[in-house]
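I have placed the structure first, in the form of structure tokens, so that the comments after it can refer back to it.
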Amino acid sequence: MVTLKINDQEVKVAEGTTVLDAAKQLGIIIPTLCNHPDLCVAGNCRVCVVEQKGARTLIAACAMPAAEGMDIHTNSLKVRNARKHIVELLLSEHRADCTKCYKNQKCELQTLANEYAFGEHLFLDLVEDHAYTIDRSSPSFLKDDSKCIRCQRCVRTCAQLQHVSAIAVANKGAHMKISSFHDRPMSHVVCTNCGQCVNRCPTGALTEKTYIDQVWDAIYDSEKHVVVQTAPAVRVALGEDLGYDPGERVTGKMVTALRQLGFDSVLDTDFTADLTIIEEGTELLTRLKKNLVENDHSMALPMFTSCSPGWIKFIEHKYPHMLSNLSTCKSPQQMFGALAKTFYAQKRKLDPSKVVSVSIMPCTAKKYEADRPEMRSSGYKDIDFVLTTRELAVMIKQAGIDFRTLEPSHYDSIMGTSTGAAVIFGATGGVMEAALRTAYELVTGKPVPFNNLNITPVRGMEGVKEATVKIEGTTQEWRFLEGAELKVAIAHGLVNANKVAKAVSTGKASYHFIEIMACPGGCIGGGGQPIPTNAAVRQKRMDAIYSEDMHMDIRKSHENPEIKAIYEEFLEKPNGHKSHELLHTHYIAREAY
Amino acid sequence: MKSKGLTKVDLIFESIDAKEVLAKAFSMTPEEIINQVLESGLKGRGGAGFPTGMKWKFTAAEKDPEKYIVCNADEGEPGTFKDREILDRVVYKVYGGMAIAGKAMGAKKGYIYLRGEYRFLLPQLYLELHKFQKMIAEIGYDFTIEYRMGSGAYICGEESALFESIEGFRGEPRNKPPYPTTSGLFSKPTSINNVETLVTAMMIIAKGPQEYVKLGTKDSRGSKVFSISGDTPIPGIFELELGMTVQEFVNEFGDGDTKAVQVGGASGFCVPRKKFEDTIIGFEGVPTGGSMKLFNSSRSMYNVLHNYLDFFTEESCGQCTPCRVGCQQLLKGVEKVKKGEAKSTYLNELVKLADTMKVASKCGLGQSVGNAFRSIVENFREEIIY
């Protein structure tokens with residue numbers, strides 16, 4: 001423990017604590033910008049400089065470990081002058097067109113400017129000295145360098161959390177910028193479109209590509225039937241953008257709001273999450289049978305999940321030789337899209353060309369996924385528009401809906417009924433848990449041997465989780481699995497996904513089934529989720545997801561009555577001909593330049 | 001303050017029997033070596049002037065069995081070219097100094113980070129290195145040296161950016177603490193010393209600290225190699241005892257019309273004629289890594305300043321706000337004032353900004369931009385405005 005003084009108040013902190021965190025313990029707020037709790041310390045924006053008595057220079061509170069006897073002042077004249085200068089400097093290189101900026105009122109630089117740099121600007125405008133263009137090439141996000149303040153949060157995110165490094169620092173001095181490989185457009189580099197950088201950008205330099213206006217146009221087009229689906233992780237995060245604390249479940253209110261926005265049918269991605277479990281579970285059992293019984297290794301093991309489009313792009317670039325290990329199942333979003341313009345349209349007697357399919361996702365990579373040329377198995381673009389959780393919040397505000405006062409309501413039918421197994425898709429380990437709940441019961445006829453169906457070993461925030469499930473008491477059909485130990489692994493965040501993929505690639509791991517989510521925490525920590533997203537917020541959303549599961553009447557995918565019905569009426573059988581046509585896909589080996 | 005006067009010295013380039021000196025050094029204990037260097041009062045010759053003995057002592061105190069000695073030969077300060085001369089003429093003393101430092105700290109490996117533009121020196125340097133490695137093998141001492149090349153970035157002369165560069169990363173300064181003596185190259189305890197410092201250290205071991213302290217002043221012991229350029233009839237490399245005034249220096253090297261001397265390169269200070277008499281060249285006055293640039297009355301100090309600011313605007317790594325944006329603002333600001341597009345009082349705002357850069361920048365680069373800026377603007381304000 002070390003004892004130091006901050007603004008003349010004494011505080012005792014553990015060794016290694018930064019001055020910033022020590023100040024927090026005293027309730028003293030030091031402004032920061034490049035600092036982010038998910039990332040390593042950078043100490044480069046210098047907004048957090050404070051005065052240490054006796055030191056020649058000011059010190060960056062975020063990067064300086066507290067030391068015994070330090071005498072820190074966070075609001076001295078010297079500090080205030082420097083801080084004002086620094087904020088003014090950042091403003092001078094930032095295109096401050098705040099009123100038309102997507103991040104208006106959500107911009108961390110704007111907040112600082114309000115506190116330190118109102119009135120006349122001190123310094124000259126530097127934006128005009130640079131030839132800036134906006135990179136609109138990615139279907140998922142925009143990159144506007146004129147708003148970039150070079151804090152490098154995005155660079156650290158891409159490298160440390162995602163092991164991708166699609167963006168990095170290029171050039172030096174006045175020309176220093178955040179750039180891609182050879183300055184190529186973001187659509188033409190190894191970028192997974194995960195949007196973790198977007199989620200951490202303090203300004204409007206990185207923002208999701210928004211399709212709000214297109215969705216409004218569809219809603220107001222009386223010829224169009226607009227269906228909307230909502231991903232599991234949206235309902236536990238949307239509230240944050242509408243005045244609720246993290247961890248609030250707003251499912252019912254969200255459904256009401258969507259109806260009030262004018263969507264013709266408010267449906268649930270959870271329905272196709274349940275469907276994914278049936279398809280993917282069947283695929284896993286088939287792969288196991290082929291490998292273990294028939295000695296046919298054409299279908300590779302281990303099988304990786306395929307719900308996360310960021311992960312798909314990652315493996316396509318980095319481990320193209322392992323594409324056969326990916327489940328061929330489409331993600332729940334895309335299964336939904338393919339069914340919306342076939343099964344749903346038929347049932348509702350609609351012309352599929354008049355159906356507009358919108359999805360609300362915690363994810364920016366879903367925008368990319370919807371644009372993939374493979375995703376047109378209905379004969380149309382299966383998903384027309386993808387909106388993030390944040391964009392939905394914007395629409396709700398635009399429509400003047402007082403979210404807090406809304407009466408909760410239920411999803412429409414058909415394709416609106418779901419189970420607790422589907423809801424937990426939103427958290428890391430959730431797909432695994434849902435799959436095990438169904439697969440175990442399928443082969444043994446009994447529920448998974450865990451208290452309350454809660455398979456706790458696959459839950460939690462650890463980067464890579466492993467579990468073994470012993471299969472006992474199999475039915476006649478699955479006798480070959482009797483006594484087998486099903487080895488599973490779960491990874492979230494691409495840096496962890498890479499560890500697992502590498503272990504599989506080099507033969508160092510012997511798993512059967514691996515769940516991978518591109519984003520830290522799974523979809524609850526997706527790139528399209530409310531800002532800020534950090535470990536504490538992710539934990540609250542995760543708790544909310546499991547609480548939502550516990551509140552569901554049905555908690556196993558195969559017990560979803562609508563799922564049973566769709567197989568009877570339309571799909572015939574899992575992994576059958578129709579399924580393969582609509583619900584399964586293939587992958588593309590991509591360059592790793 | 002009483003001046004020492006101008007005395008030419010021949011220590012750095014003096015020929016010595018390296019084998020004899022090294023054998024002597026290797027027979028000493030690490031503490032003895034460090035104590036001798038401490039006693040000599042030697043301060044780093046790269047410009048920052050950190051006591052060399054302390055640096056070695058801190059590194060020696062670290063428990064890690066793996067340590068490094070790094071020679072900073074990324075001589076990039078505008079107007080400095082003395083390290084090139086040292087490498088060209090007496091590189092065996094650089095190697096010797098590294099081996100002695102290695103002995104003092106318990107480091108078995110040394111790196112020399114050589115300025116990219118000095119690549120042409122490499123064949124000769126390798127030849128000498130080969131001879132050196134053979135010699136210490138004969139003495140029976142285990143120490144190896146490797147070269148690493150810079151690629152032209154000024155910032156890579158900053159110690160932690162230099163480590164990043166050697167490690168294969170973008171040359172950006174690190175946060176301090178931790179300091180290199182605890183966590184430097186490859187996160188191992190590292191002593192990083194300038195070329196001239198290492199040579200001087202070897203000479204201190206050769207001659208004994210008592211001899212060395214006879215030179216210089218209390219705060220600035222010894223002699224220093226100066227790179228002298230600008231409006232002088234005799235530009236070049238000169239080794240001079242520390243402690244002379246700028247006036248004495250100008251008397252020797254000026255062309256009779258010297259109006260200012262830039263001491264310490266772009267990151268140093270500009271001394272105007274009226275302060276020549278009272279300014280000592282050394283740590284009690286204006287410290288320098290060796291760059292001495294003389295300007296006569298035909299020179300525009302606006303152009304001089306503009307040139308420096310242009311340099312910094314280009315050579316800032318761009319990582320921290322005060323340096324990246326501050327440099328651009330200073331440059332654009334003086335341009336506007338010169339053109340009459342900004343009020344002359346705007347210079348006062350810029351001086352305040354330079355002060356902020358001095359206290360809030362992450363590394364020495366941004367912290368020292370204000371030196372030249374302030375000293376030129378304050379002493380030659382009319383040349384900036386009109």
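The values are calculated or read from the model by the stated rules, or taken from the named source; none is laboratory data. Source: prediction; values computed, not measured. Backbone-built Cβ (ideal geometry, glycine too); neighbour counts: all protein chains shown.
Observations, loosely collected:
- Odd one out for A:Ala174, checked against (1) assigned to a loop (DSSP other than H, G, I, E, B); (2) of a type in the set (Gly, Ala, Ser); (3) buried (at least 18 other Cβ atoms within 10 Å of the Cβ): (1)
- Among (1) over 21 Å from A:Cys519 (Cβ atoms); (2) among the small types (Gly, Ala, Ser); (3) assigned to a loop (DSSP other than H, G, I, E, B), the one test that A:Ala439 misses: (3)
- Residue list for the range A:6-20, filter: in contact with a strand residue (DSSP E or B) (Cβ under 8 Å, 6 or more places away or on another chain), buried (at least 21 other Cβ atoms within 10 Å of the Cβ) and under 16 Å from A:Val41 (Cα atoms): A:Thr18, A:Val19
- All positions within the range B:351-361 that are in contact (Cβ under 8 Å) with a residue 24 or more places away in the chain and within 9 Å of another protein chain (Cβ to nearest Cβ): B:Leu353, B:Thr356, B:Met357, B:Ala360, B:Ser361
- Taking (1) modelled with pLDDT under 95; (2) more than 9 Å from every other protein chain (Cβ to nearest Cβ) in turn, A:Arg56 satisfies each apart from (2).
- Answer residue from the range B:152-194, given it is among the charged types (D, E, K, R) and in a helix (DSSP H, G or I) and is surrounded by the fewest Cβ atoms within 10 Å (Cβ to Cβ) among those: B:Glu164
- Restricting B:Gly230, B:Gly222, B:Gly256 to those that are under 22 Å from B:Leu198 (Cα atoms) and not hydroxyl-bearing (Ser, Thr, Tyr) reduces the list to B:Gly222.
- The condition of being within 14 Å of another protein chain (Cβ to nearest Cβ) and of a type outside the set (S, T, N, Q) holds for only one of A:His225, A:His188, A:His175, that being A:His175.
- All positions within the range A:513-560 that are under 28 Å from A:Thr282 (Cβ atoms), polar (S, T, N, Q) and part of a loop (DSSP other than H, G, I, E, B): A:Asn560
- Residue satisfying condition, being farther than 21 Å from A:Cys307 by Cβ and of a type in the set (A, V, I, L, M), within set A:Ile455, A:Ile471, A:Ile490, A:Ile424: A:Ile471
- The residue list B:Gly152, B:Gly110, B:Gly106 contains one member that is more than 14 Å from chain A (Cβ to nearest Cβ), of a type in the set (Gly, Ala, Ser) and more than 30 Å from A:Met64 (Cβ to Cβ), which is B:Gly110.
- Residue ID - nearest to B:Ser361 (Cα to Cα), chosen from residues in the range B:325-349 that are under 27 Å from the mean Cα position of the chain (by Cα) and without any contact (Cβ under 8 Å) to a residue 24 or more places away in the chain: B:Val325
- Scan the range B:40-65 for residues that are out of contact with any Phe, Trp or Tyr (no Cβ under 8 Å at 6 or more places or on another chain) and within 22 Å of B:Ala107 (Cα to Cα) and the total you get is 17.
- Taken together, B:Gly340, B:Gly333 contain a single residue that is within 9 Å of chain A (Cβ to nearest Cβ) and either under 15 Å from B:Ile384 (Cα atoms) or crowded, with 24+ Cβ neighbours inside 10 Å (or both), which is B:Gly333.
- A single entry from A:Ala42, A:Ala23 fulfils the requirement of being outside any loop (DSSP other than H, G, I, E, B), within 36 Å of the chain's Cα centre (by Cα) and crowded, with 19+ Cβ neighbours inside 10 Å: A:Ala23.
- Criterion violated by A:Val423 - all others in (1) part of a loop (DSSP other than H, G, I, E, B); (2) buried (at least 18 other Cβ atoms within 10 Å of the Cβ) satisfied: (1)
- Positions within the range A:63-81 being polar (S, T, N, Q) and more than 9 Å from chain B (Cβ to nearest Cβ), in sequence order: A:Thr74, A:Asn75, A:Ser76
- A:Lys84 assigned to a helix (DSSP H, G or I), within 29 Å of A:Cys148 (Cβ to Cβ) and either of a type in the set (Phe, Trp, Tyr) or away from every other protein chain (no Cβ under 13 Å) (or both): no
- Residue in the range B:60-89 that is farthest from B:Leu121 (Cα to Cα), counting only those that are assigned to a loop (DSSP other than H, G, I, E, B) and small (Gly, Ala, Ser): B:Gly79
Per-residue answers, yes or no, for (1) surrounded by fewer than 16 Cβ atoms within 10 Å (Cβ to Cβ); (2) within 9 Å of another protein chain (Cβ to nearest Cβ); (3) in contact with a helix residue (DSSP H, G or I) (Cβ under 9 Å, 6 or more places away or on another chain); (4) among the aliphatic types (A, V, I, L, M):
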{"position": "A:Thr3", "(1), (2), (3), (4)": "yes, no, no, no"}
{"position": "A:Leu33", "(1), (2), (3), (4)": "no, yes, yes, yes"}
{"position": "A:Asp38", "(1), (2), (3), (4)": "no, no, yes, no"}
{"position": "A:Gln52", "(1), (2), (3), (4)": "no, no, yes, no"}
{"position": "A:Ala61", "(1), (2), (3), (4)": "no, no, yes, yes"}
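- Taken over the range A:472-531, the criterion of being within 28 Å of the chain's Cα centre (by Cα) and of a type in the set (D, E, K, R) is satisfied by A:Lys487, A:Lys499, A:Lys502, A:Glu515.
- Scanning the range A:376-412 for residues that are part of a loop (DSSP other than H, G, I, E, B) and either without any contact (Cβ under 8 Å) to a residue 12 or more places away in the chain or closer than 24 Å to A:His580 by Cα (or both) returns A:Arg376, A:Ser377, A:Ser378, A:Gly379, A:Tyr380, A:Lys381, A:Asp382, A:Ile383, A:Asp384, A:Gly400, A:Asp402.
For (1) out of contact with any strand residue (DSSP E or B) (no Cβ under 8 Å at 6 or more places or on another chain); (2) more than 24 Å from B:Ala161 (Cβ to Cβ); (3) assigned by TED's automatic domain parsing to the domain that holds B:Leu309, each residue gets a yes or a no:
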site: B:Glu77; (1), (2), (3): no, no, no
site: B:Thr80; (1), (2), (3): no, no, no
site: B:Gly106; (1), (2), (3): yes, yes, no
site: B:Tyr113; (1), (2), (3): no, no, no
site: B:Glu117; (1), (2), (3): yes, no, no
site: B:Leu122; (1), (2), (3): no, no, no
site: B:Leu127; (1), (2), (3): yes, yes, no
site: B:Met135; (1), (2), (3): yes, yes, no
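- Residue within the range A:248-262 that is among the acidic types (Asp, Glu), outside the structural domain of A:Arg95 (by TED's automatic domain parsing), at pLDDT 95 or above and within 30 Å of A:Cys191 (Cβ to Cβ) present: no
- Search result, residues across the range A:289-310 that are in a helix (DSSP H, G or I) and either of a type in the set (Gly, Ala, Ser) or in contact with a Phe, Trp or Tyr (Cβ under 8 Å, 6 or more places away or on another chain) (or both): A:Lys289, A:Leu292, A:Pro309, A:Gly310
- In the range A:231-274, residue nearest to A:His584 (Cα to Cα) [restricted to those that are of a type in the set (A, V, I, L, M) and part of a strand (DSSP E or B)]: A:Leu267
- Within the range A:97-129, tally of residues that are assigned to a loop (DSSP other than H, G, I, E, B) and either within 14 Å of another protein chain (Cβ to nearest Cβ) or surrounded by fewer than 21 Cβ atoms within 10 Å (Cβ to Cβ) (or both): 17
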